[in-house]
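Novice: Quick one: the structure is below, and I'll ask about it shortly.
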Amino acid sequence: FFFFFFFQAEDGIRDLVRSRGLGDVYKRQVHGERLPDAEPNYAATYYSHLGRVNLEEESIECTNARFFAIKSFSEANVHKSMKYQVWSSTQKGNQRLHEAYLQCEDAPLFLFYSVNESRRFVGVARMTSEVNFGARFPLWVQSGKWLGKFKVQWVFIKDVPNNEVKSILIPDNENKPITNVRDTQEIPFREGMMLLRKFKNYQHTTSMLDAFEYYDKEEKKISEAKANSKKYYFRKKRNTPLANFN
C-alpha cells in the first residue's frame, strides 16, 4: 500500500514555475551578470510605467503608511503584476488587504514582494484600489484558481538579498527577522519604514527588470499554446459525427 499526502498552502499565488536562483536560466544573473541576449532597458522601453520605478527623487517619508508582505511561489506571476499593475491573493488575503486599504483612506499602503525560496525581496508596490472580489485576472499561471484582484503601482523593483534586511526584527512575530513574514502579514510601521528606506537606498545589481524580455516570451508561448489547444478542441468537436440513435 502506498499513501500520498498533499498539503495546500494558504498564502500567496502558488504554481509550478521556478524562480531565479532555482533554475538554470538565472545562474548568471544570480551572480550579477546580465541574461544572455537580454535587450538593455527592455522593460522601460516597452512599458512606460516601468521607466518610473527606482526614482531617486521618490518621496517615501510618511507618518501613517501601512505595510504588508506579499509572497509568491512564482516569479512569472510577479512579472505579470509588474507588467499589468495588478495582483490577486487568497480569499483571506484579499479580504485583509481590502479592509486595510479602506482604513488607510489617503494614507499609502505598501506591499513588499518576495518569491519563495529565492532568498530576496524583489520589489515594492503601492496598493491603489479596493479589491474587486468578483473579478479574475486571466493570465496567472493557475488562472482559474484566483478570484478577486486589485490594482497596484510599482515603486521599486530591485533584488534586495535577505541578508541585507534580516537584522530588521518583527516584535509581534517573536522578534523573528522580517524575512520570515507570511503572505499578507502586516509589518509594523517602524520596521516597514526601515525596509522601505532600504529599498530606496540599496544599490542593486540585479532585478526582475533584467528578466522581463524572457518572461514576455514565455507568456506569449503559453498564450499561443492555449489558443492552439482551443482551436484543436473546437475543430475536433466540429468533426465528430453525431451518435445514431435510430
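The values are calculated or read from the model by the stated rules, or taken from the named source; none is laboratory data. All values derive from a computational prediction rather than experimental measurement. Cβ: placed from backbone, ideal geometry, glycine included. Neighbour counts: every protein chain shown. Heads up: the accessible areas ignore ligands, DNA and RNA and are worked out on the full protein's heavy atoms, side chains in. Shrake-Rupley method; radii C 1.70, N 1.55, O 1.52, S 1.80 Å.
Novice: In cubic angstrom, how much convex hull volume per residue do the alpha carbon atoms of region 83-180 span? List each step's numbers first, then the result.
Specialist: Numbers: hull volume 12.2 nm³, N = 98.
Convex hull volume per residue, Cα atoms: 125 Å³.
Novice: Where does each of 54-60, 157-163, 214-220, 120-126 land if you order them by average Cβ count within 10 Å, highest first?
Specialist: Details: 54-60: 11.1, 157-163: 18.7, 214-220: 15.3, 120-126: 23.4.
Descending mean neighbour count gives 120-126, 157-163, 214-220, 54-60.
Novice: How large is the direction-averaged shadow of the alpha-carbon convex hull of region 34-115, in nm²? Don't skip to the end; give the middle numbers.
Specialist: Values: hull surface 28.4 nm².
Approximately 7.1 nm², given one-decimal rounding.
Novice: Over region 70-130, what percent of the accessible surface lies on carbon and sulfur atoms, probe 1.4 Å? Before the final figure, lay out the partial values.
Specialist: Numbers: 870 of 2190 Å².
The nonpolar share, carbon plus sulfur, comes to 40 percent.
Novice: Please work out how much length the chain gains when fully extended from Thr128 to Asn173, using 0.36 nm per residue of separation minus the C-alpha to C-alpha distance, in nm with one decimal.
Specialist: Numbers: separation 45, 0.36 × 45 = 16.20 nm, distance 2.72 nm.
Stretched out fully, the Thr128 to Asn173 stretch lengthens by 13.5 nm.
Novice: If you don't mind, another one. Can you pick out the pairs among Lys200/Lys221; Lys80/Lys220; Lys83/Lys149; Lys80/Lys158 whose Cα atoms lie more than 23 Å from each other?
Specialist: Table pairs above 23 Å Cα-Cα are Lys200/Lys221.
Novice: Which FRET efficiency value, to the nearest 0.05, do you get for Lys217 and Glu56 by plugging their Cβ-Cβ distance into 1/(1 + (r/R0)^6) with R0 = 30 Å?
Specialist: 0.45
Novice: How high is the relative contact order of region 71-200, given as a whole-number percent (alpha carbon pairs under 8 Å, six or more residues apart)? Display every interim value, and only then the final one.
Specialist: Values: 209 pairs, mean separation 32.6, N = 130.
For region 71-200, the relative contact order is 25 percent.
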